[in-house]
Amino acid sequence: MYVRFIDRVDEIRLLEDIWSTGIPGFVIIYGRRRIGKTRLLMEWIKDKPHVYVQCLPASDEVNLSRISKAVTDQLGIDGFDRVRFTGLDTLLEHLARIHDKRLIIVLDEFTYWVRRSSRVLGELQYFVDHVLQNTKYIIVVSGSLVGVMYRDILGSGSPLYGRRTASLKIEELSPWYIKEFINVEDKADRVRIYSLVGGLPYYLAYIYGSRSLREVVEKLFGSKYSPIYDEPHLLFREEFRNPETYYSIVSAIAYGYNRLSSISDYTGIPKTHLPKYLKILVDLGYIEYVKPLFSRKGLYRVKDPILRVWFKLIEPKIHLIEAGCFDKVIEYILEEIDVFTSEVYEEIVYRYILERHLSRLNTPDTVIGRYMYKGIEIDLVILSRNMKKALIYEIKWSDLDDRELKKEQYKLIKKIEKTPLRNYSTEIYIVARNSPRRKNVITLKDLPI
């Protein structure tokens with residue numbers, strides 16, 4: 001099913017700017033599996049002269065042969081695929097001698113090739129350093145193995161370090177685009193659906209055209225062939241030599257063991273060894289470290305949407321999945337989804353508030369975050385120490401009537417009185433799923449989801 005290209009405005013603009021200069025360039029594009037790197041590249045190059053090839057975790061000979069064939073097929077250079085090249089540098093040099101026009105060369109999933117044969121890095125470095133500046137080419141390498149990208153291509157120890165014209169880390173689509181993929185009128189159900197797939201274009205395309213929450217859940221969880229069941233294992237196996245270690249760490253965090261000592265207790269990994277694993281998981285975007293305001297210590301939480309779904313909703317029912325009881329899995333997810341969605345709703349509200357309210361306190365000393373100290377929790381605070389002002393938000397994934405709104409406002413005021421926030425001029429907001437329209441109350445109706 002064809003799904004139209006959505007968003008990526010900033011990324012396309014940057015790539016178009018590089019193209020329009022007419023000068024050679026070396027561009028690096030990376031991001032996790034299913035994030036839409038290939039679709040972005042195909043959208044950009046569709047009306048431009050290009051050679052596109054998807055690299056394989058195979059030998060140099062196999063990948064060089066694929067590039068040669070792509071040159072013959074896509075540029076119409078007869079006989080190019082019959083030449084045997086000894087390396088990527090000699091192939092590109094030969095192409096540069098016989099084709100001097102403006103050209104984009106895309107080596108998609110380049111990290112697979114690098115993992116199989118690291119010598120290709122030196123060959124590409126040679127071409128970039130000694131030949132590229134005399135051509136009109138833009139060389140683009142992309143990759144889903146983010147760890148390989150950081151270590152072997154972007155890192156300071158890489159032969160390619162410091163040579164890029166630009167690098168793009170492709171992130172999830174904004175939650176506001178969920179409505180472009182599904183035909184679901186109810187905003188609360190759109191939030192629930194977003195909580196299941198995040199802004200990952202692959203999964204958004206997978207549920208494209210769905211007309212209800214149940215239909216989405218059935219598509220995602222109703223068959224052993226659903227890609228969502230393989231995703232965590234593929235992510236860990238592709239990125240790590242010891243995937244079981246990283247799996248157990250993410251599992252611990254998903255189950256609420258989100259500080260160093262508790263993660264160590266759960267996994268059995270010594271506290272002294274954990275930081276290096278946690279840093280890698282943070283760098284890859286699988287988890288994040290959240291440091292509350294007025295606190296010296298933070299906590300870890302799962303960031304990747306599919307990993308969050310896996311550990312919170314799928315793994316607890318893995319026995320039903322293995323037994324093929326998908327009807328029971330679907331009903332379980334529909335029953336539990338509001339508990340699961342609550343945390344994701346906070347993230348969506350954060351984005352909305354930062355887009356709409358941050359400018360009111362956007363000073364150099366402005367800090368943003370959750371307040372957690374001595375048993376008191378406040379969902380979101382935007383605070384300017386110089387202005388001595390704070391915007392304070394309590395976020396509820398629930399429907400509140402007038403009485404409940406007043407109760408939440410009263411509770412929030414009492415919380416503030418017990419914290420350093422009492423020394424600031426405060427403006428408080430209650431964020432609900434639904435509620436009567438009142439001053440300083442935000443609901444789903446206000447969110448552009």
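The values are calculated or read from the model by the stated rules, or taken from the named source; none is laboratory data. Not measured: the values here are computed from a predicted model. Cβ placement follows ideal geometry from the backbone for every residue including glycine, while neighbour counts extend to all protein chains displayed.
The C-beta contact set for segment 203-219 (first residue acidic (Asp, Glu), second residue buried (at least 20 other Cβ atoms within 10 Å of the Cβ), distance under 7 angstrom, 6+ apart or interchain) is empty. ARG34 meets the conditions (1) surrounded by fewer than 18 Cβ atoms within 10 Å (Cβ to Cβ); (2) under 16 Å from the mean Cα position of the chain (by Cα); (3) closer than 18 Å to GLY143 by Cα in every case but one. The failed one is (1).
Can you confirm whether SER384 is buried (at least 18 other Cβ atoms within 10 Å of the Cβ) and either under 30 Å from PRO243 (Cβ atoms) or over 23 Å from the mean Cα position of the chain (by Cα) (or both)? Steps first, please.
Details: buried (at least 18 other Cβ atoms within 10 Å of the Cβ): yes; either under 30 Å from PRO243 (Cβ atoms) or over 23 Å from the mean Cα position of the chain (by Cα) (or both): yes.
So SER384 passes the test.
Tell me yes or no: at least one residue of segment 97-117 is part of a helix (DSSP H, G or I) and among the small types (Gly, Ala, Ser). No, because not a single residue in segment 97-117 is part of a helix (DSSP H, G or I) and among the small types (Gly, Ala, Ser). Does segment 232-250 contain any residue that is β-branched (Val, Ile, Thr) and not in a helix (DSSP H, G or I)? No, that holds for no residue. Taking every residue in segment 381-395 that is assigned by TED's automatic domain parsing to the domain that holds GLU408 and pairing it with any residue that is buried (at least 22 other Cβ atoms within 10 Å of the Cβ) and among the hydroxyl-bearing types (Ser, Thr, Tyr), at least 6 positions away or on another chain, the pairs with Cβ-Cβ distances below 6 Å are VAL381/TYR371. Across segment 151-186, which residue is surrounded by the fewest Cβ atoms within 10 Å (Cβ to Cβ) among those that are among the hydroxyl-bearing types (Ser, Thr, Tyr) and under 15 Å from ILE28 (Cβ atoms)? Ranking the candidates gives SER156 first. Summed over segment 304-344, residues that are touching a helix residue (DSSP H, G or I) at 6+ places or on another chain (Cβ under 6 Å) and among the hydroxyl-bearing types (Ser, Thr, Tyr) total 2. Scoring VAL148 on the criteria (1) surrounded by fewer than 20 Cβ atoms within 10 Å (Cβ to Cβ); (2) closer than 20 Å to ARG34 by Cα; (3) aliphatic (A, V, I, L, M); (4) not assigned by TED's automatic domain parsing to the domain that holds GLU231 leaves a single failure, condition (1). The residue of segment 370-381 that is nearest to the chain's Cα centre (by Cα), among those that are within 16 Å of ILE428 (Cβ to Cβ) and not charged (D, E, K, R), is LEU380.
Could you tell me which of the residues ILE98, ILE35, ILE18, ILE67 is under 17 Å from ILE170 (Cβ atoms) and touching a helix residue (DSSP H, G or I) at 6+ places or on another chain (Cβ under 9 Å)? First the steps, then the outcome.
Values: ILE98 fails: under 17 Å from ILE170 (Cβ atoms); ILE18 fails: touching a helix residue (DSSP H, G or I) at 6+ places or on another chain (Cβ under 9 Å); ILE67 fails: under 17 Å from ILE170 (Cβ atoms).
Checking each option against the conditions leaves just ILE35.
There is no residue in segment 113-133 that is surrounded by 14 or more Cβ atoms within 10 Å (Cβ to Cβ), of a type in the set (Ser, Thr, Tyr), under 20 Å from LEU40 (Cβ atoms) and touching a residue at least 24 places away in the same chain (Cβ under 8 Å). Among the residues making up segment 399-449, those that are basic (Lys, Arg), surrounded by fewer than 19 Cβ atoms within 10 Å (Cβ to Cβ) and under 22 Å from LEU354 (Cα atoms) are ARG437, ARG438, LYS439, LYS445.
Of all the numbered requirements in (1) buried (at least 21 other Cβ atoms within 10 Å of the Cβ); (2) more than 30 Å from THR419 (Cα to Cα), LYS224 misses one, and that requirement is (1).
If you go through segment 352-365 and pick out every residue that is surrounded by 15 or more Cβ atoms within 10 Å (Cβ to Cβ) and modelled with pLDDT of 85 or more, you end up with 2. Of (1) modelled with pLDDT under 95; (2) within 22 Å of GLU172 (Cβ to Cβ); (3) not hydrophobic (A, V, I, L, M, F, W, C), TYR225 satisfies all except one. Which? Every listed condition holds for TYR225 apart from (2). Scanning segment 129-147 for residues that are polar (S, T, N, Q) and in a loop (DSSP other than H, G, I, E, B) returns THR135, SER144.
Just one of the listed residues (GLN74, GLN54) is more than 24 Å from the chain's Cα centre (by Cα) and either closer than 28 Å to LYS169 by Cα or among the aliphatic types (A, V, I, L, M) (or both), and it is GLN74. One residue alone among ILE314, ILE321 is more than 26 Å from the chain's Cα centre (by Cα) and not assigned by TED's automatic domain parsing to the domain that holds SER398, and that residue is ILE321.
From GLY199, GLY157, GLY256, which residue is outside any strand (DSSP E or B) and at positive phi? Sole residue among the options that is outside any strand (DSSP E or B) and at positive phi: GLY256.
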